[in-house]
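The values are calculated or read from the model by the stated rules, or taken from the named source; none is laboratory data. Just so it is clear, the model here is predicted, and its values are computed rather than measured. Don't worry about glycine lacking a Cβ; one is built from the backbone with ideal geometry, like all the others, and counts go over all protein chains shown. Areas reflect the complete protein model, heavy atoms only, side chains present, ligands, DNA and RNA absent. Shrake-Rupley method; radii C 1.70, N 1.55, O 1.52, S 1.80 Å.
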Amino acid sequence: MKRPGKKSFVVLGVVVLLVIAGSTAQAGWLFVLAAGVAGLLGGSFLIPQRLASYEVKRSTPPLAIAGHEARVKLTVTNTGNRTLPLTRVEDRFPGLQPSAYVCERTPPGATSTASLTTIAPRRGVFEGGEVQLEAGSPFGFVRARRVVQVPSKMLVVPRWVELSSFPILEPASSPNDVLHERARTGAGEEYLGVRPYRPGDPQRFVHWRSSARAGSLVVREYQEHVQTKVALVLAGVDAGEPPDSAFEVLVSAAASIGNYALATGHPIEIVMNGSEGVRRLVRPSRDGMLRWLAEATPSAEPLGPLVAAATGGAGKRGTVVLLVTSSGGPAPEVPDAIAQIQTAGARAALVLADAPSWVGKKPDPAAPGVTRFRYERYRTRVLRKGEDLRTCLQR
(Lines give C-alpha, C1' and ligand atoms only; values in the text may rest on other atoms or scores of the structure.)
Protein backbone atom coordinates (compact mmCIF):
# COMPACT_ATOMS: atom_id res chain seq x y z
CA MET A 1 0.00 0.00 0.00
CA LYS A 2 1.33 3.43 -0.95
CA ARG A 3 0.50 6.77 0.59
CA PRO A 4 1.92 10.31 0.32
CA GLY A 5 4.71 11.13 2.72
CA LYS A 6 5.14 14.40 4.59
CA LYS A 7 7.67 15.57 2.00
CA SER A 8 5.12 15.19 -0.80
CA PHE A 9 2.87 17.82 0.78
CA VAL A 10 5.83 20.20 1.06
CA VAL A 11 6.69 19.63 -2.61
CA LEU A 12 3.05 20.10 -3.59
CA GLY A 13 3.07 23.43 -1.77
CA VAL A 14 6.18 24.44 -3.70
CA VAL A 15 4.43 23.58 -6.97
CA VAL A 16 1.45 25.77 -6.05
CA LEU A 17 3.73 28.67 -5.11
CA LEU A 18 5.63 28.36 -8.42
CA VAL A 19 2.36 28.41 -10.39
CA ILE A 20 1.16 31.51 -8.50
CA ALA A 21 4.52 33.22 -8.97
CA GLY A 22 4.54 32.36 -12.69
CA SER A 23 1.04 33.76 -13.14
CA THR A 24 1.93 36.95 -11.32
CA ALA A 25 5.25 37.56 -13.01
CA GLN A 26 4.16 36.19 -16.40
CA ALA A 27 7.36 34.09 -16.36
CA GLY A 28 7.06 30.90 -18.40
CA TRP A 29 10.18 29.31 -16.92
CA LEU A 30 8.42 29.20 -13.53
CA PHE A 31 5.61 27.13 -15.09
CA VAL A 32 8.21 24.79 -16.58
CA LEU A 33 9.90 24.46 -13.20
CA ALA A 34 6.55 23.79 -11.51
CA ALA A 35 5.76 21.10 -14.09
CA GLY A 36 9.15 19.46 -13.54
CA VAL A 37 8.69 19.34 -9.76
CA ALA A 38 5.13 18.01 -10.15
CA GLY A 39 6.41 15.34 -12.57
CA LEU A 40 9.07 14.29 -10.07
CA LEU A 41 6.39 13.99 -7.40
CA GLY A 42 4.03 12.02 -9.66
CA GLY A 43 6.80 9.74 -10.87
CA SER A 44 7.57 8.73 -7.31
CA PHE A 45 4.18 6.99 -7.17
CA LEU A 46 5.15 4.85 -10.17
CA ILE A 47 8.39 3.47 -8.74
CA PRO A 48 7.76 -0.02 -7.32
CA GLN A 49 8.98 -0.62 -3.77
CA ARG A 50 8.78 -4.45 -3.94
CA LEU A 51 8.20 -4.88 -0.19
CA ALA A 52 6.37 -8.11 -1.03
CA SER A 53 9.79 -9.69 -1.60
CA TYR A 54 10.57 -9.47 2.11
CA GLU A 55 10.18 -12.61 4.24
CA VAL A 56 9.93 -11.82 7.95
CA LYS A 57 10.55 -14.11 10.93
CA ARG A 58 10.35 -13.33 14.64
CA SER A 59 12.03 -15.14 17.51
CA THR A 60 10.67 -14.47 21.01
CA PRO A 61 11.53 -15.98 24.40
CA PRO A 62 9.15 -18.83 25.26
CA LEU A 63 8.45 -17.25 28.65
CA ALA A 64 8.64 -13.71 30.02
CA ILE A 65 7.52 -11.89 33.16
CA ALA A 66 5.03 -9.03 32.92
CA GLY A 67 6.74 -5.68 33.40
CA HIS A 68 10.22 -7.10 32.75
CA GLU A 69 12.54 -6.82 29.78
CA ALA A 70 12.45 -9.35 26.96
CA ARG A 71 14.54 -9.72 23.82
CA VAL A 72 12.98 -10.25 20.42
CA LYS A 73 14.89 -11.14 17.25
CA LEU A 74 13.63 -10.04 13.84
CA THR A 75 15.00 -11.59 10.65
CA VAL A 76 14.20 -10.00 7.26
CA THR A 77 15.21 -11.85 4.07
CA ASN A 78 15.06 -10.54 0.51
CA THR A 79 13.55 -13.40 -1.53
CA GLY A 80 13.37 -11.35 -4.73
CA ASN A 81 15.93 -10.74 -7.51
CA ARG A 82 16.44 -7.00 -6.95
CA THR A 83 17.98 -4.99 -4.15
CA LEU A 84 15.38 -3.70 -1.74
CA PRO A 85 15.45 -0.11 -0.43
CA LEU A 86 16.12 1.22 3.03
CA THR A 87 13.15 -0.04 5.09
CA ARG A 88 11.78 0.67 8.54
CA VAL A 89 10.76 -2.57 10.31
CA GLU A 90 8.32 -2.13 13.21
CA ASP A 91 7.33 -5.07 15.39
CA ARG A 92 3.78 -4.92 16.79
CA PHE A 93 3.72 -8.21 18.65
CA PRO A 94 0.91 -7.82 21.26
CA GLY A 95 2.92 -9.50 24.03
CA LEU A 96 5.66 -6.85 23.85
CA GLN A 97 5.87 -3.09 23.59
CA PRO A 98 6.31 -1.91 19.97
CA SER A 99 9.91 -1.75 18.77
CA ALA A 100 11.53 -0.85 15.45
CA TYR A 101 14.79 -0.70 13.54
CA VAL A 102 15.97 0.43 10.10
CA CYS A 103 16.92 -2.31 7.65
CA GLU A 104 19.66 -1.22 5.24
CA ARG A 105 19.45 -1.81 1.48
CA THR A 106 19.16 -5.57 1.10
CA PRO A 107 20.61 -7.37 -1.95
CA PRO A 108 18.82 -10.44 -3.40
CA GLY A 109 19.07 -13.44 -1.06
CA ALA A 110 20.58 -11.36 1.76
CA THR A 111 19.28 -11.34 5.33
CA SER A 112 19.08 -8.55 7.88
CA THR A 113 18.82 -9.46 11.57
CA ALA A 114 18.16 -7.26 14.59
CA SER A 115 17.93 -8.11 18.30
CA LEU A 116 15.68 -5.66 20.13
CA THR A 117 15.18 -5.24 23.88
CA THR A 118 11.69 -4.26 24.91
CA ILE A 119 9.18 -4.72 27.76
CA ALA A 120 6.49 -7.37 28.18
CA PRO A 121 3.69 -5.05 29.40
CA ARG A 122 1.06 -7.62 30.42
CA ARG A 123 0.57 -11.30 31.08
CA GLY A 124 -1.13 -13.65 28.65
CA VAL A 125 -0.68 -16.32 26.00
CA PHE A 126 0.31 -14.88 22.62
CA GLU A 127 0.45 -16.73 19.30
CA GLY A 128 1.77 -14.05 16.93
CA GLY A 129 1.41 -10.49 15.73
CA GLU A 130 2.03 -7.91 13.03
CA VAL A 131 5.31 -6.67 11.60
CA GLN A 132 5.03 -3.46 9.54
CA LEU A 133 7.46 -2.72 6.72
CA GLU A 134 7.70 0.85 5.45
CA ALA A 135 9.96 2.36 2.76
CA GLY A 136 10.15 5.81 1.15
CA SER A 137 12.68 5.35 -1.67
CA PRO A 138 13.91 7.15 -3.65
CA PHE A 139 13.10 10.65 -2.33
CA GLY A 140 10.71 9.99 0.53
CA PHE A 141 7.79 11.58 -1.31
CA VAL A 142 5.79 8.35 -1.22
CA ARG A 143 5.67 5.85 1.64
CA ALA A 144 5.04 2.22 0.75
CA ARG A 145 3.73 0.08 3.59
CA ARG A 146 3.18 -3.64 4.05
CA VAL A 147 1.84 -5.43 7.12
CA VAL A 148 2.86 -9.06 7.68
CA GLN A 149 1.33 -11.47 10.19
CA VAL A 150 4.21 -13.37 11.80
CA PRO A 151 3.44 -16.38 14.04
CA SER A 152 5.47 -16.71 17.25
CA LYS A 153 4.42 -18.17 20.59
CA MET A 154 5.20 -16.56 23.91
CA LEU A 155 3.82 -16.93 27.43
CA VAL A 156 3.94 -13.90 29.72
CA VAL A 157 3.42 -14.84 33.37
CA PRO A 158 2.18 -12.32 35.95
CA ARG A 159 4.64 -10.33 37.97
CA TRP A 160 4.91 -11.07 41.67
CA VAL A 161 6.55 -9.65 44.79
CA GLU A 162 8.45 -11.51 47.49
CA LEU A 163 6.50 -11.51 50.76
CA SER A 164 7.96 -11.91 54.24
CA SER A 165 4.55 -12.46 55.84
CA PHE A 166 0.92 -13.13 55.02
CA PRO A 167 -1.96 -14.39 57.25
CA ILE A 168 -1.77 -18.08 56.35
CA LEU A 169 -0.56 -19.47 59.67
CA GLU A 170 0.17 -16.40 61.77
CA PRO A 171 -1.05 -16.33 65.41
CA ALA A 172 -4.83 -16.60 65.57
CA SER A 173 -7.38 -14.67 67.59
CA SER A 174 -10.50 -16.76 67.07
CA PRO A 175 -11.33 -20.33 68.23
CA ASN A 176 -11.67 -21.48 64.64
CA ASP A 177 -8.10 -20.44 63.89
CA VAL A 178 -6.65 -22.34 66.85
CA LEU A 179 -7.12 -25.48 64.76
CA HIS A 180 -4.23 -24.35 62.60
CA GLU A 181 -1.76 -24.10 65.48
CA ARG A 182 -2.69 -26.98 67.74
CA ALA A 183 0.11 -29.54 68.13
CA ARG A 184 -0.75 -33.03 66.96
CA THR A 185 1.02 -36.16 68.10
CA GLY A 186 2.76 -38.18 65.46
CA ALA A 187 6.11 -39.02 63.93
CA GLY A 188 7.61 -35.57 63.68
CA GLU A 189 10.85 -34.24 65.15
CA GLU A 190 9.70 -31.89 67.94
CA TYR A 191 9.61 -33.70 71.32
CA LEU A 192 6.34 -33.34 73.28
CA GLY A 193 6.82 -35.73 76.24
CA VAL A 194 6.20 -39.35 77.21
CA ARG A 195 3.11 -41.53 77.60
CA PRO A 196 2.26 -45.15 78.40
CA TYR A 197 2.97 -47.71 75.72
CA ARG A 198 0.12 -48.68 73.39
CA PRO A 199 0.00 -51.81 71.23
CA GLY A 200 1.50 -51.02 67.86
CA ASP A 201 3.88 -48.29 69.03
CA PRO A 202 7.32 -48.64 67.37
CA GLN A 203 9.97 -50.11 69.64
CA ARG A 204 12.40 -47.32 68.79
CA PHE A 205 10.12 -44.85 70.60
CA VAL A 206 10.40 -46.67 73.95
CA HIS A 207 12.01 -44.53 76.66
CA TRP A 208 13.84 -47.22 78.63
CA ARG A 209 14.89 -45.09 81.62
CA SER A 210 11.34 -43.83 82.19
CA SER A 211 10.03 -47.36 81.67
CA ALA A 212 12.40 -48.69 84.36
CA ARG A 213 11.26 -46.08 86.85
CA ALA A 214 7.57 -46.61 86.07
CA GLY A 215 7.74 -50.38 85.99
CA SER A 216 5.94 -50.43 82.62
CA LEU A 217 6.76 -49.44 79.07
CA VAL A 218 6.75 -45.71 78.35
CA VAL A 219 7.23 -44.22 74.87
CA ARG A 220 8.39 -40.85 73.61
CA GLU A 221 5.76 -38.67 71.91
CA TYR A 222 6.55 -36.23 69.10
CA GLN A 223 4.66 -33.48 67.35
CA GLU A 224 3.35 -34.36 63.92
CA HIS A 225 4.30 -31.99 61.13
CA VAL A 226 1.14 -31.22 59.21
CA GLN A 227 1.39 -29.36 55.91
CA THR A 228 -1.80 -27.33 55.84
CA LYS A 229 -3.13 -26.52 52.40
CA VAL A 230 -3.72 -23.07 50.94
CA ALA A 231 -6.45 -22.55 48.33
CA LEU A 232 -6.47 -19.36 46.25
CA VAL A 233 -9.85 -18.32 44.83
CA LEU A 234 -9.53 -15.77 42.01
CA ALA A 235 -12.71 -14.06 40.79
CA GLY A 236 -14.34 -10.76 39.91
CA VAL A 237 -14.81 -8.37 37.01
CA ASP A 238 -12.12 -5.94 35.91
CA ALA A 239 -11.89 -2.17 36.34
CA GLY A 240 -9.42 0.10 34.59
CA GLU A 241 -7.26 -0.64 31.58
CA PRO A 242 -4.88 -3.62 31.63
CA PRO A 243 -2.08 -4.01 32.47
CA ASP A 244 -2.86 -1.47 35.20
CA SER A 245 -6.29 -2.68 36.29
CA ALA A 246 -7.98 -4.17 39.33
CA PHE A 247 -8.07 -7.77 38.11
CA GLU A 248 -4.46 -7.68 36.85
CA VAL A 249 -3.28 -6.61 40.32
CA LEU A 250 -5.31 -9.46 41.83
CA VAL A 251 -3.53 -11.94 39.57
CA SER A 252 -0.17 -10.54 40.71
CA ALA A 253 -1.34 -10.81 44.32
CA ALA A 254 -2.33 -14.44 43.75
CA ALA A 255 1.13 -15.18 42.31
CA SER A 256 2.82 -13.46 45.27
CA ILE A 257 0.74 -15.29 47.90
CA GLY A 258 1.19 -18.60 46.08
CA ASN A 259 4.97 -18.12 46.04
CA TYR A 260 4.94 -17.29 49.75
CA ALA A 261 2.85 -20.38 50.56
CA LEU A 262 5.15 -22.67 48.58
CA ALA A 263 8.25 -21.12 50.16
CA THR A 264 6.84 -21.75 53.64
CA GLY A 265 5.99 -25.39 52.88
CA HIS A 266 2.25 -25.21 52.16
CA PRO A 267 0.76 -27.11 49.20
CA ILE A 268 -1.43 -24.77 47.16
CA GLU A 269 -4.49 -25.05 44.99
CA ILE A 270 -5.86 -22.39 42.64
CA VAL A 271 -9.56 -22.15 41.83
CA MET A 272 -11.05 -19.83 39.20
CA ASN A 273 -13.66 -19.75 36.47
CA GLY A 274 -12.88 -20.76 32.92
CA SER A 275 -14.77 -21.14 29.68
CA GLU A 276 -16.12 -24.51 30.82
CA GLY A 277 -16.88 -23.68 34.44
CA VAL A 278 -14.80 -24.04 37.59
CA ARG A 279 -11.11 -24.78 36.99
CA ARG A 280 -8.76 -26.21 39.62
CA LEU A 281 -4.99 -26.51 39.70
CA VAL A 282 -3.89 -28.82 42.51
CA ARG A 283 -0.41 -28.89 44.07
CA PRO A 284 1.43 -27.05 41.29
CA SER A 285 5.08 -26.06 41.31
CA ARG A 286 5.89 -22.36 41.21
CA ASP A 287 6.38 -22.45 37.44
CA GLY A 288 3.15 -24.41 36.98
CA MET A 289 1.25 -21.87 39.09
CA LEU A 290 2.63 -18.90 37.14
CA ARG A 291 1.86 -20.50 33.78
CA TRP A 292 -1.69 -21.21 34.90
CA LEU A 293 -2.25 -17.68 36.20
CA ALA A 294 -1.07 -16.29 32.86
CA GLU A 295 -4.38 -17.50 31.41
CA ALA A 296 -6.67 -16.11 34.14
CA THR A 297 -9.60 -14.02 32.90
CA PRO A 298 -12.11 -11.81 34.77
CA SER A 299 -15.44 -13.46 35.52
CA ALA A 300 -18.83 -12.35 36.83
CA GLU A 301 -19.85 -15.92 37.76
CA PRO A 302 -21.06 -16.59 41.36
CA LEU A 303 -18.51 -17.26 44.11
CA GLY A 304 -20.39 -20.19 45.66
CA PRO A 305 -19.09 -22.98 43.37
CA LEU A 306 -15.54 -21.62 43.58
CA VAL A 307 -15.60 -21.50 47.37
CA ALA A 308 -17.11 -24.98 47.59
CA ALA A 309 -14.27 -26.36 45.47
CA ALA A 310 -11.66 -24.46 47.48
CA THR A 311 -12.90 -25.58 50.90
CA GLY A 312 -13.07 -29.15 49.70
CA GLY A 313 -9.43 -28.97 48.63
CA ALA A 314 -8.09 -27.03 51.62
CA GLY A 315 -9.80 -29.15 54.27
CA LYS A 316 -10.66 -28.15 57.84
CA ARG A 317 -7.09 -27.20 58.70
CA GLY A 318 -6.44 -25.25 55.51
CA THR A 319 -6.58 -21.62 54.52
CA VAL A 320 -8.75 -20.21 51.73
CA VAL A 321 -7.58 -16.87 50.31
CA LEU A 322 -10.38 -15.10 48.47
CA LEU A 323 -9.11 -12.63 45.84
CA VAL A 324 -11.91 -10.54 44.31
CA THR A 325 -12.64 -7.06 42.97
CA SER A 326 -14.84 -4.84 45.15
CA SER A 327 -17.61 -3.91 42.71
CA GLY A 328 -19.57 -5.64 39.99
CA GLY A 329 -19.98 -9.34 39.33
CA PRO A 330 -19.66 -11.51 42.45
CA ALA A 331 -18.54 -8.67 44.77
CA PRO A 332 -21.78 -8.57 46.84
CA GLU A 333 -21.27 -12.28 47.65
CA VAL A 334 -18.00 -11.69 49.52
CA PRO A 335 -19.45 -11.70 53.09
CA ASP A 336 -21.42 -14.90 52.43
CA ALA A 337 -18.35 -16.49 50.83
CA ILE A 338 -16.25 -15.70 53.91
CA ALA A 339 -18.95 -17.22 56.13
CA GLN A 340 -19.07 -20.29 53.87
CA ILE A 341 -15.32 -20.77 54.26
CA GLN A 342 -15.46 -20.45 58.04
CA THR A 343 -18.45 -22.79 58.31
CA ALA A 344 -16.45 -25.42 56.45
CA GLY A 345 -13.77 -25.18 59.16
CA ALA A 346 -11.14 -23.51 56.99
CA ARG A 347 -9.38 -20.28 57.76
CA ALA A 348 -10.40 -17.33 55.58
CA ALA A 349 -8.30 -14.46 54.26
CA LEU A 350 -9.58 -11.74 51.94
CA VAL A 351 -7.65 -9.77 49.31
CA LEU A 352 -9.91 -7.07 47.87
CA ALA A 353 -9.06 -4.89 44.87
CA ASP A 354 -10.81 -1.54 45.39
CA ALA A 355 -12.20 -1.20 41.86
CA PRO A 356 -13.29 2.50 42.07
CA SER A 357 -9.67 3.58 42.55
CA TRP A 358 -8.88 2.29 39.03
CA VAL A 359 -11.59 4.40 37.41
CA GLY A 360 -10.74 7.71 39.05
CA LYS A 361 -13.11 7.47 42.01
CA LYS A 362 -12.35 7.72 45.71
CA PRO A 363 -11.66 4.46 47.60
CA ASP A 364 -14.84 2.75 48.74
CA PRO A 365 -14.63 2.16 52.53
CA ALA A 366 -17.90 0.24 52.46
CA ALA A 367 -16.81 -2.20 49.78
CA PRO A 368 -18.32 -5.68 50.25
CA GLY A 369 -16.30 -7.68 52.74
CA VAL A 370 -14.47 -4.70 54.26
CA THR A 371 -17.22 -3.37 56.55
CA ARG A 372 -18.18 -6.74 58.00
CA PHE A 373 -14.60 -7.83 58.60
CA ARG A 374 -12.95 -4.54 59.51
CA TYR A 375 -12.49 -5.77 63.11
CA GLU A 376 -10.23 -8.50 61.68
CA ARG A 377 -7.90 -6.29 59.66
CA TYR A 378 -5.15 -8.89 59.85
CA ARG A 379 -7.27 -11.01 57.50
CA THR A 380 -8.27 -8.32 55.00
CA ARG A 381 -5.87 -6.80 52.51
CA VAL A 382 -7.17 -3.98 50.27
CA LEU A 383 -5.36 -3.20 47.01
CA ARG A 384 -5.67 0.22 45.40
CA LYS A 385 -4.34 1.80 42.22
CA GLY A 386 -0.88 3.31 42.62
CA GLU A 387 -0.11 1.59 45.93
CA ASP A 388 2.80 -0.80 46.38
CA LEU A 389 1.63 -4.42 46.14
CA ARG A 390 4.06 -5.77 48.73
CA THR A 391 3.09 -3.10 51.23
CA CYS A 392 -0.63 -3.72 50.69
CA LEU A 393 -0.31 -7.49 51.20
CA GLN A 394 1.93 -7.27 54.29
CA ARG A 395 0.27 -4.37 56.10
Checklist entry - If you take the beta carbon distance between GLN203 and THR117 as r and set R0 to 45 Å, what does 1/(1 + (r/R0)^6) give as a FRET efficiency, to the nearest 0.05? => result 0.10
Checklist outcome for this item: Residues whose modelled amide H sits under 5 Å from the amide H of LEU232, counting only those 5 or more places away in sequence or on another chain, are GLU269, ILE270, VAL271, VAL321
Checklist entry - How big is the accessible area of ARG123 in square angstrom, nearest 10, if you roll a 1.4 angstrom probe over the protein chains? => result 20
Checklist outcome for this item: For VAL219, the residues 5 or more places away or on another chain with a placed amide H closer than 5 Å to its own amide H are ARG195, TYR197, HIS207
Checklist outcome for this item: Residue by residue through the range 325-339, the couplings from Karplus 6.51 cos²θ - 1.76 cosθ + 1.60 with θ = phi - 60°, in Hz, x for Gly and Pro, are 7, 8, 9, x, x, x, 3, x, 8, 4, x, 5, 5, 4, 4
